[in-house]
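One structure is given below, encoded as structure tokens.
The values are calculated or read from the model by the stated rules, or taken from the named source; none is laboratory data. On a predicted model such as this, the values are computed, not experimentally measured, just so you know. So basically every Cβ, Gly included, is an ideal-geometry build from the backbone, and we count neighbours across all protein chains shown. Accessible surface areas use protein heavy atoms only, side chains included; no ligands, DNA or RNA. Shrake-Rupley method; radii C 1.70, N 1.55, O 1.52, S 1.80 Å.
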Amino acid sequence: MRYFPAPLGRADSDGLADRCREKIDTLGWGFWACERKADGSFIGFVGLNVPAADLPFAPCVEIGWRLARGAWGHGFATEAARAALAVGFDRLGLDEIVSFTALTNRRSRAVMERLGMHEDALVFEHPAVAAGHPLRPHCLYRLPRADWEAATRGRG
Ligand SMILES: CC(C)(COP(=O)(O)OP(=O)(O)OC[C@H]1O[C@@H](n2cnc3c(N)ncnc32)[C@H](O)[C@@H]1OP(=O)(O)O)[C@@H](O)C(=O)NCCC(=O)NCCS
């Protein structure tokens, strides 16, 4: 949670899980729980979401990820994100999927780049982060459908 304003306590963490579940119940998609295939252990979430914040590039569908520290460094976020992009483009028919993070979140930006997302020129102040907070400036990455289709063809 280093790139978020504060870690979550039990009640807020459970509330987040409940909201993820409710959105999946309503829409049929969302931030999905991720399990490690080798042993079925719960390692975090990856998926698609309509951001609640009033963002300068809304309306949009974002892709996002949050894995337990022990699950980093194995390619799990990128693997799960490719599956989520496939749902977004191939099943939901989205024209574009975006992602955004604090400018300093190098690991998250690396996932965006591995997915073939393009950094937008826009740097914006995230409205849910306090004015003046070092995590407030965010970068935006975009992936248009045509680029996903070209990359998918390239991967065979
Ligand atoms: C962002 C986050 C999901 C990235 O996790 P990650 O494990 O670095 O990302 P990936 O799943 O793409 O894994 C890539 C790493 O696995 C390595 N790897 C090992 N085996 C691999 C394999 N078989 N295939 C692909 N990559 C592999 C890669 O070399 C790379 O390592 P590196 O970072 O040392 O270069 C993770 O840091 C996180 O949960 N952060 C906290 C929450 C957060 O900030 N979320 C984003 C908010 S916008």
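For the reader, a short list of remarks on this structure follows.
- Counted residue by residue at 0.36 nm each, then reduced by the alpha carbon distance between them, the extension gain from residue 66 to residue 14 reaches 17.2 nm.
- Placing unit charges on the Cβ atoms only, positive for Lys and Arg and negative for Asp and Glu, gives the chain a dipole magnitude near 540 debye about its Cα centre.
- ³J(HN,Hα), Karplus 6.51/-1.76/1.60, whole Hz, each residue of segment 107-121, x for Gly, Pro: 5, 5, 5, 5, 5, 4, 5, 4, 7, x, 6, 9, 5, 7, 5
- Relative to one another, the C-alpha centroids of segment 51-72 and segment 132-146 are positioned 10 Å apart.
- Exposed loop sites, defined as trypsin sites (Lys or Arg not before Pro) outside DSSP H, G, I, E and B with at most 11 other Cβ atoms within 10 Å, are absent from the longest region of the chain, namely 38-156.
- Scanning residues 5 or more positions from residue 32 or on other chains, those with amide H under 5 Å from its amide H are 46, 47, 48, with H placed 1.01 Å from N in the peptide plane.
- Helix-only mean residue ellipticity at 222 nm for the chain, each DSSP H run of n ≥ 4 adding -39500 (n - 2.57), per residue, nearest 500: -10000 deg cm²/dmol
- Taken per residue, the accessible surface of segment 10-155 reaches 56 Å², heavy atoms only and a 1.4 Å probe.
- Applying 0.36 nm per residue to the separation of residue 147 and residue 53 and subtracting their alpha-carbon distance, the gain on full extension is 31.2 nm.
- The modelled label-to-label distance between residue 78 and residue 123, using points 7 Å beyond Cα along the C-beta direction, is 2.6 nm.
- The 3J(HN,Hα) values that the Karplus relation (6.51, -1.76, 1.60; θ = phi - 60°) gives for segment 90-95 are, in residue order, 7, 9, 8, x, 5, 8 Hz. Gly and Pro appear as x.
- Quotient of Cα Rg and 2.2 N^0.38 Å for segment 10-155, N being how many residues it contains: 1.04
- Phi-based couplings in Hz for segment 74-89 (Karplus 6.51, -1.76, 1.60; Gly and Pro marked x): 10, x, 5, 4, 5, 4, 5, 5, 4, 5, 5, 4, 4, 5, x, 8
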